[in-house]
Structure formats: C-alpha cells, structure tokens
Amino acid sequence: MDRAPRRGAEQVSEPAAAGPSQAPLPYLTPAGDALRVLILFSDTGGGHRAAARALTDALKLLDPTCAVTVADPLIGQGPTIVRRLASLYSPVIRRSPAAWGAIYHTSNTKATFAAIRAVFGPGVRKVVQHLLKQHDPDVVLCVHPLLNHVSHQAIIKSGRPRGLMTVITDLGDFHRGWTFSQADLVIAPTDLARKVALRRRVPPDRVKLLGLPVDLRFRPPAPGEKQALRRRFGLDERRFTILVMGGAAGVGHLARQARVLASEAYGWQLIIVCGRNERLRKRLLELPLATPTLVLGFVDYMPEVMRACDIAVTKAGPGAIAEALATGLPLILTGFLPGQETPNVDFVVKSGFGAFAPKESDLFDEVRVLAEGGPTWREMSRKAQDLAHPYASSDIARECLVLAVRYRASSQANR
C-alpha cells in the first residue's frame with residue numbers, strides 16, 4: 001500500500017526499499033559534498049505520496065550520500081486558505097465524485113488555470129522559496145501538477161541555478177498543470193502521456209518516457225515464487241487467485257464485489273485488501289463466503305501479495321495500475337474518479353492488459369473468462385509485462401542525480 005512521506009520539509013533518511021541489486025553509482029560533485037534534492041508533492045491522493053516515496057528510496061539506493069527532502073507546500077505548509085482548499089480533496093471525492101470531475105475539468109482550461117496561479121501562486125511560492133533557502137537543493141523534483149510553475153518562479157528568485165524536474169503521475173491525457181515547457185526535464189509515464197506533453201509544446205529534448213515511479217519491490221514473480229507465496233498466505237497454490245483492493249483507504253465497493261465473486265463455491269480464490277478501513281475488514285470477515293477468501297487490512301507487503309495473484313480488481317488509480325504493470329498482473333477496473341482517472345480506463349483497455357467492469361455482473365463475467373487461464377489471460381499478462389517499467393524509479397532517480405551534478409557545477413562556476 002502507499003507509504004506516505006511525513007508532512008513538512010523533513011530529511012528522509014530511511015533505508016532504501018529492497019529492490020534490484022545495483023551498486024551505488026559514483027555521482028561525484030565538484031566540491032565533493034552531498035548532492036541535494038527537494039521533492040515537492042501534496043497529500044491529495046495516494047499517487048503523489050507513493051511517487052515521492054519511491055523516488056526517495058531510489059535516490060538513496062543510487063547515491064546513499066544524497067540529501068533528499070520531501071515537502072508538501074500545499075496541505076503541509078501552505079497558506080491557510082490553500083491548506084483548507086487542498087484538504088477538501090479527499091472529502092469531495094468520497095462524497096461527490098461528479099462534483100470533483102466538474103472542478104477538475106473547469107480548472108483544466110488555460111484561462112482558469114492562469115487565474116488559479118495568479119490567486120494562490122504567490123503564497124505557495126513563498127513556501128517554496130523558504131524551502132529553497134532552508135535546504136539549498138540542486139534539483140527541485142515535482143510530483144504534483146500545481147507545483148511546477150511556482151517552483152520555477154521560486155528558483156529564479158533564489159539567486160542560484162537549480163534544476164527543475166517534473167514527474168507526471170497521470171497515465172493519459174493529464175491536467176495542463178503537469179506540462180511546463182521551462183522545466184529541465186519532464187518524465188512521462190506512458191507513450192500516450194509523452195505525446196500529450198509534446199502536443200502541449202514541451203520541447204522534445206526535455207521529455208523522457210521512463211514510466212511511473214513505484215516501489216522497486218514491485219516486480220514479476222520468479223519461477224515458483226507465486227506458488228510459494230500462496231503457501232505462505234495459507235492459500236491453495238494451484239487455484240487461480242484474484243486480488244481485490246481499494247487502495248490505502250479501502251475505498252470502493254469491495255463488500256459487493258466479494259459477494260459476487262465468493263458467495264458461491266467457485267474454482268478460484270480471493271485475497272481482499274481493505275487498507276486502513278477496519279470497519280470494512282470486520283464486515284468482510286462476517287460474510288458467509290463459500291469461495292476461499294483471505295481478508296487483509298493495511299499491509300506493507302503489497303508487492304508480495306501482488307506476486308501471489310493472477311489478476312487484480314481495483315479502481316483506475318495510476319499508482320495501482322503502475323504497480324500491477326510492474327508485477328505483470330492483468331487488471332479488471334471497476335471504477336474511476338472523474339477527471340484525472342478517466343483516461344486511465346482507456347489506457348488499460350486499449351493497451352490490452354485489462355478490462356473495464358463497472359457492474360458486478362460484468363465483473364463476474366470477466367473473472368470467469370480469465371480464471372480459465374487460457375489465451376485471454378496469458379495474452380493480457382504478456383501485454384502487461386511488455387508495457388511495464390519496473391525500474392522506473394531508478395531510471396528517474398538517475399536522471400535527477402545527473403541533473404543535480406550539472407547544476408551543482410554551474411552554481412560553483414558562478415561564484
């Protein structure tokens with residue numbers, strides 16, 4: 001599940017997550033001291049949090065001496081009115097997704113987005129300027145669409161050269177705030193996102209297709225690992241295994257989906273992850289399910305859970321999609337948040353590694369076909385692996401460190 005960076009500007013010193021075996025690369029700076037990276041995110045959705053954490057781990061893996069600071073200039077440290085407005089994101093998407101969709105599309109016009117920057121930008125820019133003064137980063141890395149323009153303005157006012165890097169965390173036709181032509185580097189998670197960035201006049205030499213950053217522990221199962229993990233979880237190692245999840249908050253219609261998939265005795269088995277929704281977990285444990293079902297709460301071993309499964313059922317969040325891709329796991333999407341998640345459904349279905357099943361009856365039919373383990377499931381698994389960028393976090397971190405070396409040298413040359 002998502003692991004959130006702590007709020008505020010804090011030094012990140014946790015050990016890197018287990019990942020591919022890679023020796024630290026020698027990113028030597030002219031002065032011989034540590035490179036410094038400031039990652040800016042906001043706690044408005046799990047995707048931004050997860051990306052920030054994955055990049056932090058990858059940077060520390062590649063260069064253990066790198067000083068990484070993670071900060072939230074909106075909810076964590078922003079002006080009072082910005083904090084209050086940004087904090088409404090989670091309540092609004094829970095109570096009225098359609099209202100959020102209207103807000104998203106209204107803000108995604110050139111005129112409206114310019115007005116938003118004019119009204120709220122100065123206050124947020126002051127927060128970023130304070131962070132630059134406090135931590136003196138060589139690179140500012142943004143994983144939120146509302147922070148790119150203000151970061152550029154703060155860098156200009158900071159008095160020394162610094163790199164600006166944007167990591168887009170939406171998979172398809174994303175919000176215009178993501179594309180800022182004056183960023184040194186814009187990282188696209190998919191080829192579709194890369195084309196959108198180019199269409200919005202980001203210079204081609206500044207756009208790189210590297211994937212969406214996820215925890216480096218997400219990877220395809222090794223031979224025999226899937227069966228071993230099922231035994232570890234107390235499941236039948238031979239049964240087709242379905243993962244049903246609702247993110248860290250355990251949102252979605254998981255109870256209804258459990259009834260549809262497990263109320264009678266079927267030939268598959270389920271793992272249902274409820275996240276921090278303890279009420280949902282207890283409710284599921286009380287259901288009279290005839291199909292073998294493992295109900296879990298919040299877990300920090302989601303990569304292992306995914307590697308134990310054959311398909312995943314979830315909503316169209318970009319983080320969950322990227323983690324499934326990194327694992328080579330086909331998807332059945334059951335819903336999406338109007339606005340930024342709408343294009344994700346098209347991406348998954350058109351790419352051929354998943355299906356869209358908004359109704360419980362559709363979900364059952366899709367599972368029944370895939371559980372046969374025939375050519376449909378095998379083809380979807382192959383396409384998921386073909387599209388995967390399991391080491392995107394490392395690739396993005398490497399680009400960030402190269403940019404940091406360049407700007408550190410430029411800064412010292414100007415002294």
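Since every read-out is calculated from the coordinates, none of them should be taken as a lab result. Just so we're clear, the structure is a prediction, and the values are computed from it rather than from any experiment. Positions of Cβ are backbone-derived with ideal geometry, glycine not excepted, and every protein chain shown enters the neighbour counts.
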Legend entry - Size of the chain as Cα extents on the principal axes (Å, biggest first): 72, 47, 38
Inset, instruction - Could you pull out every residue, at least 5 positions away or on a different chain, whose amide H is within less than 5 Å of the one on V295? Hs are placed 1.01 Å off N in the peptide plane, and Pro or chain starts have none. - result: I272
Legend entry - Potential lengthening between R160 and K110 on full extension [0.36 nm per residue; Cα-Cα distance subtracted]: 15.0 nm
Inset, instruction - State which entries of K195/K359; K110/K208; K282/K350; K110/K195; K60/K350 exceed 27 angstrom in Cα-Cα distance in the structure shown. - result: K195/K359; K282/K350; K60/K350
Legend entry - Computed [θ] at 222 nm, helices only, for the chain once each DSSP H run of length n ≥ 4 contributes -39500 (n - 2.57): -14000 deg cm²/dmol
Legend entry - Translational diffusion of the range 225-387, µm² s⁻¹ [Kirkwood Rh, Cα pairs; Stokes-Einstein; 37 °C; 0.692 mPa s]: 211
Legend entry - Where labels lie 7 Å past Cα in the beta-carbon direction, separation of K195 and Q227 in nm: 4.2
Legend entry - S87 paired with D236, simple spin-label distance in nm, labels 7 Å along Cα-to-beta-carbon: 5.0
Legend entry - Stretchable slack from R95 to K359, in nm (0.36 nm times residue separation minus alpha-carbon distance): 93.1 nm
Inset, instruction - Sort out for me the Cα centre separation of the range 230-309 from the range 42-86, rounded to whole Å. - result: 30
Legend entry - Folded to 0 to 90 degrees: helix 148-158 orientation relative to the chain principal axis, Cα: 30
